[in-house]
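Heads up, the thing below is written out as structure tokens.
The values are calculated or read from the model by the stated rules, or taken from the named source; none is laboratory data. As the structure is a computational prediction, the values presented were derived from the model and not from experiment. With ideal geometry, Cβ positions are generated from the backbone for all residues, glycine too; neighbour counts draw on all protein chains shown. Side chains are part of the model used for accessible areas, which takes the heavy atoms of the whole protein and leaves out ligands, DNA and RNA. Shrake-Rupley method; radii C 1.70, N 1.55, O 1.52, S 1.80 Å.
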Amino acid sequence: MTEIEEEEVKTFKSLGVCDELVEACDKMGWTTPSKIQVEAIPHALEGKDLIGLAQTGSGKTGAFALPILQALLEVANEKGKPPAFFAVVLSPTRELAIQISEQFEALGSGIGLKCAVVVGGVDMMAQAIALAKRPHILVGTPGRLLDHLSNTKGFSLHTLKFLVLDEADRLLNMDFEKEIDEILNAIPRERRTYLFSATMTKKVGKLQRACLKNPVKVEASSKYSTVDTLKQQYCFLPAKHKDCYLVYILSEMSGSTSMVFTRTCEATRLLALILRNLGLRAIPISGQMSQSKRLGALNKFKAGECNILICTDVASRGLDIPSVDMVINYDIPTNSKDYIHRVGRTARAGRSGVAISLVNQYEVEWFLQIEKLIGKKLPEFPAQQEEVLLLLERVTDAKRISLMKIKDGTGRKRRRGEDDDEVDKHFKSLKDAKPYKKSREGRKMRK
Ligand code: AMP
């Protein structure tokens, strides 16, 4: 019997969540609390600081939003109205900040909750106007929040009661340490602090000691495991036929929603062009796109207009994309932990999902490291090479046309001083790929 089956089924009410918020959860379709919510909410409602080891997809936003909203409701009932700037949530990325704010707003829609988001890449003035409306909850990236604390007249956080550091490991990896220190100096010491992180690094430990008081540690799952409902497979192939295998797998699973992970931003563009050329509904998203383009792409994917999202690791964490059926690792991540984050986009909340890793002759080492990290040998995806290669001519044509399009575009850009080395490199690696010896290399790999 699994750990989950042994546990008694909890409800939000049994965790101590008040009726208004239980109703809000119901409206969101949250019938039972997720593991991190079961672990975190009772301690948070007792007024404790929290360290939550959990990833996006675990329901961690609800785990910190519900206790904050419950405390806000209590103050509102006492004082007649909810207090402004009651909580601040710091997020490493703009997308995640927007998603957190959307979840707060959805949970608080019945109680007239006002939320504001302050992130980079958006006009400061419009944000200053939103701050002047005195929202109850503020979500932002550290740099922009600090900018407003220093430069926006009349804005301060002296009434703050809750601070959340979300995805703290990423906040620190992105060198937001100095900004976070300055924000900590500008907010009251008397407050509750919740720190959520996918991994517990040395830097996160240091931050925890600097800003939490006697925290309770809660965890959604053991460190690097993947869930049982996730079917993980690999497909061993020659580098020169990777695109062909990708098209084959996507066609085999044509009704599914998929995320395809690549190593570079350029590869996301190229693959999206190739797949679109072949009539597949693909859209790229990467750190190189403007904020509005990224959100536009994400919305198209969420709305089902496109069912294949091609992305870099920037998109593998933080983005709230519900019900992805399949994750394809087009490039094997060199950092094995990225694998866990990528495949965490599927098989969420008890649903099933598939993750297929396309491993070429140069990526075997990285793949073996992944198997070591997750503690299991993965089975092979049953691809018939002859069937895959039937697609070769069409895929090669689509690639040639897409390459020409990219060359045209980047040629224009280069005249403005940018360069397209990455795209050239990507194509060079495809052209240089050694001939395919599946059985021998495949056997060698399994040893
Ligand atoms: P998060 O890990 O906070 O980014 O949440 C991931 C997704 O899970 C979001 O789309 C939430 O709306 C959803 N979610 C959070 N809690 C629950 C729950 N108890 N039941 C079902 N879905 C949930």
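Could you sort Met404, Met124, Met174 by accessible area so the largest value comes first, with the probe set to 1.4 Å?
Met404, Met174, Met124
Radius of gyration and Dmax for segment 64-155's Cα atoms, expressed in Å?
In order Rg, Dmax, the Cα atoms of segment 64-155 give 12.9, 39 Å.
Please work out, to two decimal places, the log10 of the ratio I(q)/I(0) at q = 0.12, 0.16, 0.25 Å⁻¹ from a Debye calculation in which every Cα of segment 4-93 carries one identical scatterer.
-0.39, -0.68, -1.45
Let a ≥ b ≥ c be the square roots of the eigenvalues of the Cα gyration tensor of segment 19-72; is it rounded (a/c under 1.5), or, if not, prolate (a/b larger than b/c) or oblate?
It comes out oblate by the Cα gyration axes.
Which value, in nm² and rounded to one decimal, describes the direction-averaged projected area of the C-alpha convex hull of segment 147-233?
The number I arrive at for segment 147-233 is 8.0 nm².
Rounded, prolate or oblate, given the Cα gyration tensor of segment 345-395, with a/c below 1.5 counting as rounded?
oblate
Just the Kirkwood number for segment 31-190, please: inverse of mean 1/r across all distinct Cα pairs, in Å, one decimal.
16.0 Å
Mind checking segment 202-299 for chymotrypsin sites (Phe, Trp or Tyr not before Pro) that DSSP puts in a loop (not H, G, I, E or B) and that have at most 10 other Cβ atoms within 10 Å?
none
Are there any GluC sites (Glu not before Pro) in segment 105-203 that are in a DSSP loop and have at most 15 other Cβ atoms within 10 Å? List them by number.
Glu190
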